[in-house]
1. Using the beta-carbon distance between Trp152 and Gln117 and R0 = 35 Å, what value does 1/(1 + (r/R0)^6) give for FRET efficiency, to the nearest 0.05?
2. Compare Leu283, Leu49, Leu255 in a GNM of the chain, Cα atoms joined below 10 Å, and give the one with the largest fluctuation.
3. Quick one: which of Lys161/Lys188; Lys104/Lys224; Lys123/Lys224 span more than 23 angstrom between C-alpha atoms?
4. Per DSSP helix of 4 or more residues, -39500 (n - 2.57); summed, then divided by the residues of the chain. What does that give at 222 nm, rounded to the nearest 500?
5. Only one of the values (i) 23.0; (ii) 20.0; (iii) 25.5 was calculated from this structure for Kirkwood radius over Cα pairs in Å; name its label.
6. Who wins for biggest fluctuation among Leu190, Leu268, Leu236 in a Gaussian network model of the chain, springs between alpha carbons below 10 Å?
7. With a point put 7 Å past each Cα toward its Cβ, work out how far Val214 is from Thr237 in nm, to one decimal.
8. Quick one: length gained pulling Phe56 to Leu183 fully straight, 0.36 nm per residue minus the C-alpha distance?
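Coordinate-derived values only; no laboratory data. Not measured: the values here are computed from a predicted model. Glycine also receives a Cβ, built like all others from the backbone with ideal geometry; neighbour counts cover every protein chain displayed.
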Amino acid sequence: MDTGARPPPSLNCEGGISTIALPQIETVGSTRPPKKGVSPWKLWGALLLAPYVVVFIVFVVYPVGYGLWLARHPESYRQLLDDPIFAGSVVNTLIFLGVAINLKMVAALLLSGFFVQARPWIKWLSVLFILPWAVPSIPTILSIRFMLNPEWGVVNQLIFKLTAEDGPNWLNDRWLALSMAMLVHIWKSLPFWTMIMIAGRLSIAKELYEAASVDGASAWQQFKFITWPSMQTLYLTSTILSMIWTLGDFNSVYLLTGGGPADLTHILATLGIRYLRLDQVDLAMATIVCAMPLVLPLVYFMMKRLSR
């Protein structure tokens with residue numbers, strides 16, 4: 001009867017040395033796994049990403065690369081330095097960034113404390129408040145330009161009815177026109193950043209404010225020790241992102257003043273458009289390259305904060 005037991009190993013004697021013939025043992029994993037092809041999920045993923053990659057290359061990589069190639073000549077930067085409009089545009093850009101962004105972000109932080117209140121009439125008011133950001137820039141800014149017309153604009157007509165004196169020439173003075181452009185920029189973008197600040201305030205636990213109220217903390221103390229520590233990172237990140245977007249915002253200046261009077265209110269974004277209209281493409285691209293030292297540190301700092 002076969003019990004299934006294996007026979008004992010046989011003994012072989014060769015040259016006086018005894019050897020034992022052991023059964024061969026198959027090693028596990030000695031054979032390589034079969035190569036796998038591209039899975040259907042990866043194939044579909046590549047097909048769905050292909051249009052985005054093509055659009056990104058055509059509309060981002062190629063224009064940026066072509067612009068940098070056009071701005072490769074040192075002579076273009078010499079011409080920029082010799083142009084007095086370029087120096088004035090750099091000053092206007094720094095003023096625009098320093099004044100408009102700080103006023104906008106501080107106002108957004110303060111207004112977020114107002115709109116976060118749970119009252120019915122505040123909800124309706126918030127709908128009206130968000131309209132400047134939701135409406136397209138071209139009709140709104142052009143409407144403001146018509147309103148500021150020194151001869152038949154509604155603003156000067158109202159000033160004349162109230163004071164019997166002519167109003168100022170809003171867009172024919174450099175600093176007054178630049179101030180109006182900054183106000184338009186703040187007016188257009190303030191609702192967006194206010195909503196960001198509102199979202200930050202709503203993420204703070206209400207129990208912290210209730211406990212502070214029980215302890216007798218004032219509104220300023222609650223803001224100082226609860227609101228600001230919780231929103232500090234959001235506020236700084238939003239400020240940096242706002243600076244990056246403001247550097248590329250040419251609507252507020254170009255649609256309102258057109259860079260005038262006498263090209264005195266240009267910023268770097270609108271100065272590039274001026275050179276394009278003069279068929280000086282190399283100077284236009286060089287102007288954009290000159291703005292990169294302002295943009296790249298901001299991008300690096302923002303990404304460094306977000307990666308923490």
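1. Numbers: r = 41 Å, r/R0 = 1.17.
In this case the efficiency is close to 0.30.
2. Sorting by GNM fluctuation, first place goes to Leu49.
3. Numbers: Lys161/Lys188 28 Å; Lys104/Lys224 20 Å; Lys123/Lys224 26 Å.
Over 23 Å Cα-Cα: Lys161/Lys188; Lys123/Lys224.
4. Working: 15 runs with 200 residues, N = 308.
Helix contribution divided over all residues of the chain: -20500 deg cm²/dmol.
5. Label of the calculated value: (iii).
6. Leu236
7. Result for the modelled spin labels: 3.2 nm.
8. 42.3 nm
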